[in-house]
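Data first, discussion second: the structure below is written as structure tokens.
The values are calculated or read from the model by the stated rules, or taken from the named source; none is laboratory data. All values derive from a computational prediction rather than experimental measurement. So basically every Cβ, Gly included, is an ideal-geometry build from the backbone, and we count neighbours across all protein chains shown.
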Amino acid sequence: MSPMFEFHFKVVRTGVTCAYSMHAESTIAEFIEKMKHNIAAHPDFAEIQEFELVPLTDTVCDAEDGPALEPSDQPLSSICNSNSDSTFLYIRPIVAATIPIGVEVSAPLEVGTPVLRLCVVCHSSPRHIAFAPCGHLCICRDCSNNPSIHTCPICRNSFTRMLEIFDP
């Protein structure tokens with residue numbers, strides 16, 4: 001019997017966590033499918049409709065920065081932490097863009113159409129504020145007035161100022 005890998009998951013910007021084990025000979029594609037099933041059945045994740053899995057690595061410190069795990073035929077061991085018995089991943093919910101009341105949609109979006117990137121704090125307004133010196137464009141105008149924001153929500157570094165970015 002092949003060894004089992006232990007995976008620990010944390011939902012982005014929450015305290016909700018879980019752990020699952022899986023056989024070493026599984027592929028990344030099989031792992032993603034199994035996790036979609038397990039997470040959909042988990043009572044703490046009832047509100048999450050769609051999500052991506054983001055492996056925590058030396059270069060990825062926050063889920064907003066990391067690339068999502070893509071299905072592939074690579075062995076599961078390729079994403080596992082070789083220095084530990086456990087591997088940690090973020091569950092990054094995919095938030096559907098909302099259409100304001102009174103706005104009509106004339107046609108579905110075509111491939112290549114730019115997608116509105118929403119504020120990482122409220123998830124309801126477009127991003128218009130960038131932080132200096134890190135440069136992350138990540139919050140809306142309303143959230144920029146929140147006195148509790150003392151660090152960049154993406155990299156968690158202190159900022160010296162906020163810059164308003166105007167769309168043409």
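Out of all the residues in the stretch 1-33, which are charged (D, E, K, R) and surrounded by 15 or more Cβ atoms within 10 Å (Cβ to Cβ)?
Glu6, Lys10, Arg13, Glu30
So in the stretch 35-77, with the set limited to residues that are surrounded by 16 or more Cβ atoms within 10 Å (Cβ to Cβ) and assigned to a helix (DSSP H, G or I), which one is modelled with the lowest pLDDT?
Only one residue fits best here, namely Phe45.
Based on what the data block shows, is Phe7 of a type in the set (Phe, Trp, Tyr) and at pLDDT below 75?
no
So which pairs qualify, if the first residue must be in the stretch 32-58 and touching a residue at least 40 places away in the same chain (Cβ under 8 Å) and at positive phi, the second must be loosely packed, with under 15 Cβ neighbours inside 10 Å and of a type in the set (A, V, I, L, M, F, W, C), the Cβ gap must be under 6 Å, and the two must be at least 6 apart or on different chains?
none
Tell me which residues, restricted to the stretch 129-156, are without any contact (Cβ under 8 Å) to a residue 24 or more places away in the chain and either among the polar types (S, T, N, Q) or buried (at least 18 other Cβ atoms within 10 Å of the Cβ) (or both).
His136, Ile139, Cys140, Ser144, Asn145, Ser148, Thr151, Cys152
Can you name the residue in the stretch 120-144 that is under 15 Å from Ile94 (Cα atoms) and either part of a strand (DSSP E or B) or among the β-branched types (Val, Ile, Thr) (or both) and, of all such residues, is farthest from the chain's Cα centre (by Cα)?
Val121
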